[in-house]
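Each remark here refers to the structure printed beneath this line.
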């Protein structure tokens, strides 16, 4: 999979996308992530990317002519484009699994008061996605969340394919939250691991896990 991220603040992605599993996935060529500075397509000497909203009001709106040009230049064939927006569909596991099957994703991170609505009306964006019913200062953090959640479902990224099959909100758990986990020592400070998990009885263990999925 190739993921293009269009943002005014490319430095924010250092760390979240350059460490741990996501970095390893890039090193192993399982996913390629390209960060693009939207200001590269800005207008004039000062590389302007926003302007005052028609109709008045506080804040600035990111310009349709700047964003559309950037998308047209970086968008690849068979790309699904997403605008990270508080107005979008709330991201859920089913959507994550669907997006993981895409060949190319393009993520647009809004800022200020948002982007000119004509970006959606003109077909430069396929859908809007939110990560929750609250407002952030920009789309960068939601983009990181989406990338992390999607990349986990790309074959080979987690090492063991079953790692992503039976976890919170997965189909295997009927979209419920995952059961509790325990490891050594068997007892710590008076707290014991449930006996069934030490029994070696796989059917009973499976039953316990299903009963303890919320």
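The values are calculated or read from the model by the stated rules, or taken from the named source; none is laboratory data. Treat the numbers as computed from the prediction; the structure is a model and nothing was measured. Using ideal geometry, Cβ is built from the backbone for each residue, glycine included, and neighbour counts are taken over all protein chains shown.
Scanning the stretch 104-129 for residues that are more than 24 Å from residue 1 (Cβ to Cβ), at pLDDT 95 or above and part of a strand (DSSP E or B) yields a single hit, 115.
Looking only at residues in the stretch 37-67 that are touching a helix residue (DSSP H, G or I) at 6+ places or on another chain (Cβ under 7 Å) and crowded, with 19+ Cβ neighbours inside 10 Å, the one that is nearest to residue 10 (Cα to Cα) is 38.
Residues in the stretch 79-93: is at least one part of a loop (DSSP other than H, G, I, E, B), touching a strand residue (DSSP E or B) at 6+ places or on another chain (Cβ under 6 Å), within 28 Å of residue 177 (Cα to Cα) and modelled with pLDDT of 95 or more? Yes; the residues of the stretch 79-93 include at least one that is part of a loop (DSSP other than H, G, I, E, B), touching a strand residue (DSSP E or B) at 6+ places or on another chain (Cβ under 6 Å), within 28 Å of residue 177 (Cα to Cα) and modelled with pLDDT of 95 or more. The single condition from (1) surrounded by 13 or more Cβ atoms within 10 Å (Cβ to Cβ); (2) under 19 Å from residue 125 (Cβ atoms); (3) without any contact (Cβ under 8 Å) to a residue 40 or more places away in the chain that residue 23 fails is (2). When residue 139 is tested against (1) free of Cβ contacts under 8 Å to residues at least 60 places away in the same chain; (2) in contact with a strand residue (DSSP E or B) (Cβ under 6 Å, 6 or more places away or on another chain); (3) under 19 Å from residue 75 (Cα atoms), only condition (1) is not met. Scanning the stretch 68-78 for residues that are crowded, with 18+ Cβ neighbours inside 10 Å and under 17 Å from residue 143 (Cα atoms) turns up just one, 71. The set of residues in the stretch 94-103 being farther than 17 Å from residue 144 by Cβ and in a helix (DSSP H, G or I) consists of 94, 97, 98.
Among the candidates 132, 59, 55, which residue alone is part of a loop (DSSP other than H, G, I, E, B) and within 14 Å of the chain's Cα centre (by Cα)? From the options 132, 59, 55, the qualifying one is 132.
Residue 75: touching a residue at least 40 places away in the same chain (Cβ under 8 Å) and in contact with a strand residue (DSSP E or B) (Cβ under 6 Å, 6 or more places away or on another chain), yes or no? Yes. Looking only at the stretch 147-181, residues that are at pLDDT 70 or above and surrounded by 15 or more Cβ atoms within 10 Å (Cβ to Cβ) come to 12 in all.
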